[in-house]
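The values are calculated or read from the model by the stated rules, or taken from the named source; none is laboratory data. Note that the coordinates shown come from a computational prediction; the quantities given were computed from them, not determined experimentally. Cβ placement follows ideal geometry from the backbone for every residue including glycine, while neighbour counts extend to all protein chains displayed.
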Amino acid sequence: MCNVQKIDQVDMGQVKELVENYKNQKWSLIPLVQQLQEELGFIPPETVPVIAGALGLFPSEVQGVISFYAQLYTEPRGKNVVRVCRGTACHVRGGKTILKLVKQQLGLEEGETTEDLEYTLETVACIGVCALAPTMVVGSNVYGNMNPKKVGQLFKKDGGRHDEKP
């Protein structure tokens, strides 16, 4: 479980301590940024020069790797990443409406994160459970056969849990 922090709360001492374990090992860039993201919840841009200096790389090389991999993030993300499927089966069975309702419930557009860092909203090309279309994922839980009622139940304003199926 990652400890999501806001940018102004990044503990550079923690970053430097983590980076020290990988010092002068250029090969370790990817494991280092993965561990940094695991610890902080994202890779703060101000850590790029620290990483580069420790590994003997140019900051542009570090940034190039971070920006290349879709699973690496330079901005804080929500504890619950909500992924709504936009695949063909989901689209045909009402996925567009499901996305619209999720946006309304969370007050987010695609790619945005709530201020309290509770949710990040994304769309994906396919979740891989087309027989259950329309589908979405919240955290690691897959929700199928979604409809307006299920969306409302999933995102209850009264603090409903997201590890239970609606």
Residue within segment 91-99 that is part of a loop (DSSP other than H, G, I, E, B), hydroxyl-bearing (Ser, Thr, Tyr) and closer than 28 Å to GLY128 by Cα present: no
Of all residues in segment 128-142 being hydrophobic (A, V, I, L, M, F, W, C) and assigned to a strand (DSSP E or B), the one that is surrounded by the fewest Cβ atoms within 10 Å (Cβ to Cβ): VAL142
Close pairs (9 angstrom Cβ cut-off, 6 or more residues apart or separate chains): without any contact (Cβ under 8 Å) to a residue 12 or more places away in the chain and within 21 Å of LEU117 (Cα to Cα) in segment 7-35, of a type in the set (S, T, N, Q) and part of a loop (DSSP other than H, G, I, E, B) anywhere: ASP11/GLN5
Some residue of segment 102-114 being part of a strand (DSSP E or B) and either in contact with a Gly (Cβ under 6 Å, 6 or more places away or on another chain) or crowded, with 20+ Cβ neighbours inside 10 Å (or both): yes
Among residues of segment 70-82, those that are in contact (Cβ under 8 Å) with a residue 12 or more places away in the chain and either farther than 30 Å from TYR143 by Cβ or part of a loop (DSSP other than H, G, I, E, B) (or both), counted: 8
Residue satisfying all of: in segment 67-91; among the polar types (S, T, N, Q) and surrounded by 14 or more Cβ atoms within 10 Å (Cβ to Cβ); nearest to LEU121 (Cα to Cα) among these: ASN80
Conditions (1) closer than 23 Å to GLN35 by Cα; (2) in contact with a strand residue (DSSP E or B) (Cβ under 8 Å, 6 or more places away or on another chain); (3) not acidic (Asp, Glu): number failed by ALA133: (1)
Unique residue being surrounded by 14 or more Cβ atoms within 10 Å (Cβ to Cβ) and at pLDDT 95 or above when the list is GLY64, GLY152, GLY94: GLY94
Residue match in segment 35-50 (condition: in contact with a Phe, Trp or Tyr (Cβ under 8 Å, 6 or more places away or on another chain), over 18 Å from LYS150 (Cβ atoms) and of a type in the set (Phe, Trp, Tyr)): yes
